[in-house]
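Report on one structure; see the data block that follows.
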Amino acid sequence: MPICIECRYPVKTLYTEYAGAGESSGQGVRLTVCKNCGRFCDKYVEHDFVVLFIDLVLIKPQVYRHLLHNTLMRERDQFDPSIIRLGVLLLLFDVYLTWARIEKQTTVNLTDSHSSNVLRLAEQPIVVQYVFFLILCAVSTVSFHLSIRFLTSSPFSPLKLFGLLPFYPRPNSVSTALLVSSSTKLFPILMVIWEYDVPAAARSLGWAVVANNVEALKILLDCGYGTAAILAAVGAISRWLVGRGILWMVGLEGVDTVGDSGVAADGKALWALVELGREWGGRLGLG
């Protein structure tokens, strides 16, 4: 059932479409006014994708409610086809970024053994290299989603057992929220025009992805920021550990310590967020 994106009040319809009205005149659709708050139930019905993406970057709760509750959610918890396409796009883009950054580290502060392993990988056929990075990013992403899905939608979840989060029976909706909030990862596409591979930009991107993940989980699960941060932390740590494990198996365990690759960016940004919270907690006398 759709909701008002301003006050989360359930509504029957988000708009009324009048037959025979000219679409170009903008008179064919009339937005529903919420009976609870008196504002339009969902103003994003009339907005295009560019506006949605900008508001996603700005982490506006209304746009997340529009996407997660009024647009992408299905009755039987099925994935919307657009979300599947977004997931594939994010995966392929992550493959490209991880591949490019690891290749750049062949001569930057690596030990002889690590450098030789990277060079040996670079000497393999392009198809072999691509499959390796595809597996690396795919397995890391799956571990990120599965760990959060377990904590939210499993009856054996520690958060459920301790009463921190009620059972949420829609695991695919959780993955949908994570994919939508991870769309910020597409920002490095600007590296086609500008040079992106600088530490400050990578850290900023990691912070943005973490912040969006936390906000999306909070809105979808209707929980507090603390619980949402725990979920995002567990997911990021799981992703980072799995990625490091795969790199370790092929002798590239030292790669993540040099640059902010796609595998490690979320974990590093989240650790920085935790350290900042501990610092402010100490200043306020909470630590």
For region 150-156, 3J(HN,Hα) per residue [Karplus equation, 6.51 cos²θ - 1.76 cosθ + 1.60, θ = phi - 60°, Hz, x = Gly/Pro] = 5, 5, 9, 10, 9, x, 9
message = What would the Debye equation give as log₁₀ I(q)/I(0) for region 1-76 at q = 0.13, 0.14 Å⁻¹, counting only Cα atoms as equal point scatterers?
response = -0.41, -0.47
Separation in nanometres of the label points that stand 7 Å from Cα toward Cβ, at Leu164 and Phe79 = 2.8
ask   = So what's the net charge close to Cys41: Lys and Arg +1, Asp and Glu -1, counting the other residues with Cβ under 14 Å from its Cβ?
value = +4
request  = Over region 1-76, calculate the relative contact order: mean separation of alpha carbon pairs under 8 Å at least 6 apart, over the residue count, as a percent.
outcome  = 30
key: Gain on full stretching of the segment that runs from Phe156 to Tyr15 - 0.36 nm per residue minus C-alpha separation   = 46.7 nm
query = Arg39 versus Ile126, label points 7 Å from Cα toward the beta carbon: distance in nm?
reply = 5.0
inquiry  = Past 27 Å, Cα to Cα: identify those pairs from Lys12/Lys185; Lys43/Lys160; Lys35/Lys160; Lys60/Lys185; Lys35/Lys60; Lys12/Lys160, in the order given.
reply    = Lys12/Lys185; Lys43/Lys160; Lys35/Lys160; Lys12/Lys160
message = Placing +1 on the Cβ of each Lys and Arg and -1 on the Cβ of each Asp and Glu in region 1-76, which of Asn70, Cys7, Val51 has its Cα farthest towards the positive end of the resulting dipole?
response = Cys7
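Laboratory data are not the source of any read-out in this text; all were calculated from the coordinates shown. All of these numbers come straight from a predicted model, not from anything done at the bench. Glycine also receives a Cβ, built like all others from the backbone with ideal geometry; neighbour counts cover every protein chain displayed.
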